[in-house]
1. Going through the cross-link list LYS172/LYS200; LYS107/LYS134; LYS74/LYS96; LYS97/LYS172; LYS188/LYS208; LYS107/LYS200, which pairs have a Cα-Cα distance over 18 Å in this structure?
2. Under the definition of Cα pairs under 8 Å and six or more residues apart, what whole-number percent is the relative contact order of segment 90-196?
3. From the C-alpha coordinates alone, can you work out the Kirkwood hydrodynamic radius of segment 99-167, in Å?
4. For the pair ASN192 and SER156, how long in nm is the line joining their label points, each one 7 Å along Cα→Cβ?
5. How would you classify segment 106-211 from its alpha-carbon gyration tensor, with a ≥ b ≥ c the square roots of the eigenvalues: rounded for a/c under 1.5, else prolate if a/b is greater than b/c, otherwise oblate?
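Every number here is computed from the coordinates shown, using simple stated rules; none is lab data. Note that this is a predicted model, so its numbers are computed, not measured. Glycine gets a Cβ as well: all are built from the backbone with ideal geometry, and neighbour counts include every protein chain shown.
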Amino acid sequence: MANIFREVDEELRKERYASLFKKYGVYVIGFIFILVSLLISIQIYQSYKVSSNEELVENYIQLIDTETKSIEEKILMLDNFTATKNIFVNGMSALKKVDLLIENNQKEAAIESLEGILNNQNIEVIHRDLGLYKYLMLLMDSMPIEQFSEYADNLSNDSQFYYLIQELRATKLLLDGDEESSAIEFNKLISNPLVTSDIKNRASILIKIAN
């Protein structure tokens, strides 16, 4: 009898988790991926900290670090950094502008800016790939899975963001209610020796939530 009650309690707990995920899952996942995106941005910045145009980079750093300017003022000032001869500064400025637009609740403007980044050949590939990651995150709940998958499939598997974007696709399938396809994609990541432990851990957690 105790086993029966234990099984019933387990089923009720799973139903509660599933209900909470359906209600709040998009916000929790959004927070996770925004945090990942910020950490990646910091890593890219650190790897390119030494630049051939030190004065330009220094001015850019002073702008993003200043606390005396409003978000609107920073957005306007960043436009001066998106068409320089320094392609690293071009990319970081464009991505920083997107972050500020999101912070200022200007989602549509942020999406438009990201589309510009994706098509800008004067920005390094790593910045365009990070732009794609942010673009797909912002459109996670509205972009059709077919279009979402097309973006994911067109990304080179040499990209630093390849597996992160595959993770996004699996999450998109889960949010769309396709638990079976989502589990298949997550399990591909888990079984791939090239995938980082962080991605594998998140995949394992999301599979458990879906089940």
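1. Pairs exceeding 18 Å: LYS97/LYS172; LYS107/LYS200.
2. 18
3. After inverting the mean inverse Cα-Cα distance, the result is 12.4 Å.
4. Between ASN192 and SER156, the simple spin-label model gives 1.6 nm.
5. Because a/c hits 1.5 or more and a/b fails to exceed b/c, segment 106-211 counts as oblate.
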